[in-house]
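S.K.: Take a look at this one; I'll ask things after.
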Amino acid sequence: MNWLPRKNILVPVDFSDDSRAALQTAREMVKDLARLRVIHVLPIMEVADPGIVWETIDDESRRGHAEDALRRELAEQGFDDPITIVVRFGDPGHEIVAFADEIDAGLIIVSSHGRTGLRHLLLGSVAERVVRLAHCPVLVLKKHV
C-alpha cells in the first residue's frame, strides 16, 4: 500500500521490539525505500560523565557506534537498500520533530512503549511529545502485547 509515494517517512529507532515493528510498518507504507529516514537520538553527556572526564569518548565516536548499530539493525530486518540514517543528540521528542521538519516528512511513525501511571509521569513519553510538536501526521503504534 503506497500512501505517501512522494513524501519522506521518518521512523525513530531506539532498538526496542516496538521500534522494529515501526520500521516494518514504514516498509509497507512507502513505495520507494529511499524515502525512508531513520533517526536515533542519544542523550547529551554530562560534564561529570566518566567518559568526558577521562576523555575516552566523545560525541563523534558515540555517533559512529550508533550509526553502525543502526546499519546492523536494518540489515537484520532485511533492509537491503540504502536508507538515510541520522543520529542526533538531545531531547528525543524535539530532535525527531526538528529532523522531520528539515526533511519535509509526510509522516512520522513512532512506537509507544505503553508506560502508564507513575512511570509515564516520571519518564514522559517521546511519542506524546512528537504528537504535540510535529507539523506532519504522526502514526503512533501501540506496544505489542
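The values are calculated or read from the model by the stated rules, or taken from the named source; none is laboratory data. Quick caveat, the model's predicted, so the values are computed rather than measured. Please note: Cβ atoms are built from the backbone with ideal geometry, for glycine as well, and neighbour counts cover all protein chains shown.
S.K.: Exactly one condition in (1) over 13 Å from the mean Cα position of the chain (by Cα); (2) modelled with pLDDT of 90 or more is false for residue 38; which is it?
M.R.: (1)
S.K.: Count, please, the residues in the range 60-116 that happen to be touching a helix residue (DSSP H, G or I) at 6+ places or on another chain (Cβ under 6 Å), of a type in the set (Gly, Ala, Ser) and surrounded by fewer than 18 Cβ atoms within 10 Å (Cβ to Cβ).
M.R.: 1
S.K.: Let me ask something else. Go through the range 117-145 and count every residue that is loosely packed, with under 13 Cβ neighbours inside 10 Å and either of a type in the set (A, V, I, L, M, F, W, C) or modelled with pLDDT of 70 or more (or both).
M.R.: Counting residues in the range 117-145 that are loosely packed, with under 13 Cβ neighbours inside 10 Å and either of a type in the set (A, V, I, L, M, F, W, C) or modelled with pLDDT of 70 or more (or both) gives 8.
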